[in-house]
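FYI, it's all coordinate maths here, none of it is from the lab. Worth saying up front: this structure is predicted, and the values here are computed from it rather than measured. Neighbour counts run over all protein chains shown; Cβ positions are idealised from the backbone, glycine included.
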């Protein structure tokens, strides 16, 4: 007897199967499982997918829109300035409350793994303290990966580098940086070399906000690729945003992309935010700022879609639904061929899981028993409709359910019914 069987669902590869779960593991995936279970979910005609994964987010700032005021210009720089004010007045409790509320929202959409960048600029490191608490609190249902992120630059502030080291010593998982925000191009390149060395020496992953600008001369991704190759970091390293590549000349990009592919690193564009923040200084034609997604994929570079922001100083919208991210990415990257549309679904599931290095992710025996049942027939239809999440299973437990046909929950971006267990909000 199993704890849970999900019956008759259509897997992303088109196979129809029953999924049997015991404890927190998938133990069987077969065309038909005749055994009984404590609970059965009928997924006949529904898409059953491994959980959604977001490899780029800022949870210390989420749900803070309008504090201390609205970003009037809509620019990246004003957003950074606003956050610089908020982070010095926000308490640990404030950040924990907002972040846990977001995690509940995310869980109801089937988003069960998130990599969040945590600002390490202020010496008080309250954001790090808060996110470590959130990570522990949501562990029963969300895998939260923390990045030590010096928002104001590794070298631009007197204690920038020291605070990154402090955060890593406190238990933060990933080394982060922002080379294009250093005072000079040379400082930016030096910061990339320094951060790659720190990641290699500590055996950690590396994820840099890289070239998040319209300046085609911001080319720190070239240095990042070289350092990833030098230290053998491979897929443990990622460049996030890479928006300057949108504005680079084609000849330089023809040299750059093979270097990125050779390094084995990953790329994380954030379509909702990239097209909102970039091009603010343009008249017309107005750049949208998304990096060269299809060109990187053609060379075998793993590219995953990230959410980045929800209701914070940089973005006034957001739903915690990775299918919204995939839907926008599909449009902006012009990924309209059937294989490309299906790939957009993979970019918020399996590809992102690879970027985050998630162990035992998927729908196979031995994998962690986390999955989502969607009111859709296949991945492309799921991206098109952003349908209701009929059920969300996290580590063997059904944590969220939405009545079939209640599409308003999904369309409006409101969370479904999320249960509490193990003392954690879920």
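Across all directions, the average flat footprint of the convex hull enclosing the Cα atoms of region 263-324 is 5.5 nm². Each Cα pair under 8 Å and six or more residues apart adds its sequence gap; the mean of these over the residue count of region 52-356 is a relative contact order of 20 percent. Among 404, 156, sorting on how many other beta-carbon atoms sit within 10 Å of each Cβ, with the fewest leading, yields 404, 156. When peptides 198-207, 389-398 are ranked by their average number of other Cβ atoms within 10 Å per residue, the highest-first order is 389-398, 198-207. Look at where the Cα atoms of region 344-402 and of region 93-123 average out, and the two centres are 19 Å apart. Across region 1-115, Cα-Cα pairs more than 21 Å apart make up 57 percent of the total. This ranking places 350, 108 by how few other beta-carbon atoms lie within 10 Å of each, fewest first, which gives 350, 108. Working ranking of peptides 71-83, 126-138 by packing, defined as the average number of other Cβ atoms within 10 Å per residue, highest first, is 126-138, 71-83. FRET efficiency for the residue 215 to residue 123 pair, using the beta carbon distance and R₀ = 41 Å, is estimated at 0.85.
Centroid-to-centroid, using Cα positions, region 295-314 and region 144-195 are 20 Å apart.
Relative to the longest principal axis of the Cα atoms of the chain, the long axis of helix 76-86 makes an angle of roughly 80 degrees. Projected onto planes of every orientation and averaged, the convex hull of the alpha-carbon atoms in region 203-357 covers 9.2 nm². Among beta bridges identified by DSSP and lying wholly in the chain, the antiparallel ones come to about 45 percent. For region 111-222, compute Rh as the Kirkwood radius over C-alpha pairs and then the Stokes-Einstein diffusion coefficient at 20 °C and 1.002 mPa s; write the answer in µm²/s, rounded to an integer. Answer, rounded: 150 µm²/s. Just so you know, the Cα atoms of region 153-215 work out to an Rg and Dmax of 11.4, 35 Å.
In this label model, residue 24 and residue 281 are separated by 4.8 nm, measuring between points 7 Å along each Cα→Cβ vector.
Report note on the peptides 258-269, 183-194, 46-57: ranked by the mean count of other C-beta atoms within 10 Å, highest first, their order is 46-57, 258-269, 183-194. Based on every Cα atom in region 296-406, Rg and the maximum pairwise Cα distance Dmax equal 14.8, 42 Å. When restricted to Cα atoms, the chain yields an Rg and a Dmax of 20.8, 65 Å, respectively.
Between residue 230 and residue 69, the simple spin-label model (points 7 angstrom out along Cα→Cβ) gives 4.3 nm. Here, region 222-301 yields an orientationally averaged convex hull projection of 5.4 nm² when only Cα atoms define the hull. Between the Cα long axis of helix 185-202 and the first principal axis of the chain there is an angle of about 50°, rounded to the nearest 10. With a simple spin-label model that places each label point 7 Å from the Cα along the Cα-to-Cβ direction, the separation between residue 404 and residue 295 comes to 4.7 nm. Angle of helix 250-263 to the longest C-alpha principal axis of the chain, folded into 0 to 90 degrees and rounded to 10: 60°.
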